[in-house]
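Comments concern the structure below.
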Amino acid sequence: AGPALEVLFRQSVEAGKRVRSETAIARGTTSLSQAAVELAESRLGGLAGRSALVVGAGDMGEAVTRALAGAANRGPLLVANRTPAKALALAAAHGGTAVRWNDVPAALEQVDLVLTSTGAAEVLVDAEELTRVLTARSGRPLLIVDVAVPRDVDPAAAGLDGVTLLDMDDLKAFADAAMAERRHELPRVEQILAAEVDRYFEVAAQREVAPLVAALRARAEEIRLKELVRLSGRLGDLDDRQAGAVEALTKGLVAKLLHDPTVNLKLAAGSPRGEQLAHALQQLFDL
């Protein structure tokens, strides 16, 4: 990337880390799969110890399974799909158990949560079937999140006691709420980024004057060494201690003389005054 862009890229990453750690801009989610899992988690009061059944092993089913697998202390994770091989592969990849398609009703009797996202054109789970499932569940509530379009679960199931059925409308409302919370963080994010932009320009400006500062110090060091050589005859034979004292004295004088010009040049870097000072140094010292 080169020295200029390398600094820019590095500071951009640092700015991103600051934004994510110091604000809530990255909390909550707008991805459909993650939102579906977070919505279920909010309704269940957490996923710890909760068993879940994912119906469908397509892209959405895979994303939902991955999100569920990452939940802390989750319960058993079941995966069902019309194609057994897909269910087996997805379950194996995320520490779950594949369920045969014909065994989905039995799985519904056991789990706390169902997330369904198949591409079926017809309803897969109707209200009558869920009524039988609820009888076997002995009153245990069942949460279903249906993110399929068209729906996998009969909308009439929402009227059954013991069933909470959430669909794409609920998911959209949940994601919109998360996005609204993120928008509240924008002023703070913009403050951080403005500060980081100022810092970048300060660093970039100082890097621009660095060659001039180096040239100034090199010129001063050249003059110092020439003067030592020119005066060596007058100094006579110096022992090591005396030679070291002369070396330290001359270096110290040069450093003190250059300190204020160097500091002022760096502080003014990037400003019109900085440009004037830089131009003056170049002219005065023939740099």
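Is it fair to say L115 is in contact (Cβ under 8 Å) with a residue 40 or more places away in the chain, out of contact with any Phe, Trp or Tyr (no Cβ under 6 Å at 6 or more places or on another chain) and open to solvent by less than 60 Å² (accessible area, probe 1.4 Å)? Spelling it out, L115 is indeed in contact (Cβ under 8 Å) with a residue 40 or more places away in the chain, out of contact with any Phe, Trp or Tyr (no Cβ under 6 Å at 6 or more places or on another chain) and open to solvent by less than 60 Å² (accessible area, probe 1.4 Å). For residues that are out of contact with any Asp or Glu (no Cβ under 9 Å at 6 or more places or on another chain) and small (G, A, S), scanning just the stretch 149-174, find the one that is least open to solvent (accessible area, probe 1.4 Å). If we take residues in the stretch 149-174 being out of contact with any Asp or Glu (no Cβ under 9 Å at 6 or more places or on another chain) and small (G, A, S), then G162 is least open to solvent (accessible area, probe 1.4 Å). Scanning the stretch 1-32 for residues that are at pLDDT 85 or above, surrounded by 11 or more Cβ atoms within 10 Å (Cβ to Cβ) and among the polar types (S, T, N, Q) yields Q11, S12, T23. The residue pairs whose first member lies in the stretch 171-200 and is more than 25 Å from S31 (Cβ to Cβ), whose second member is small (G, A, S) and open to solvent by less than 60 Å² (accessible area, probe 1.4 Å), and whose beta carbons are closer than 9 Å, counting only pairs six or more residues apart or on different chains, are A195/A15; E196/A15; V197/A15; R199/A15; Y200/A15.
Being among the small types (G, A, S), touching a residue at least 60 places away in the same chain (Cβ under 8 Å), under 27 Å from H184 (Cβ atoms) and surrounded by 18 or more Cβ atoms within 10 Å (Cβ to Cβ), is that true of even one residue in the stretch 51-58? No, that holds for no residue. E41 falls short on exactly one of the conditions (1) at pLDDT 95 or above; (2) within 18 Å of L166 (Cα to Cα); (3) open to solvent by 70 Å² or more (accessible area, probe 1.4 Å), and that condition is (1).
Would the stretch 68-83 turn up any residue that is open to solvent by 20 Å² or more (accessible area, probe 1.4 Å), part of a helix (DSSP H, G or I) and either closer than 24 Å to L171 by Cα or at pLDDT below 95 (or both)? Yes, the stretch 68-83 contains a residue that is open to solvent by 20 Å² or more (accessible area, probe 1.4 Å), part of a helix (DSSP H, G or I) and either closer than 24 Å to L171 by Cα or at pLDDT below 95 (or both).
The values are calculated or read from the model by the stated rules, or taken from the named source; none is laboratory data. None of the values given here were measured: they were computed from a predicted structure. Don't worry about glycine lacking a Cβ; one is built from the backbone with ideal geometry, like all the others, and counts go over all protein chains shown. Surface areas here come from the heavy atoms of the whole protein model, side chains and all, with no ligands, DNA or RNA. Shrake-Rupley method; radii C 1.70, N 1.55, O 1.52, S 1.80 Å.
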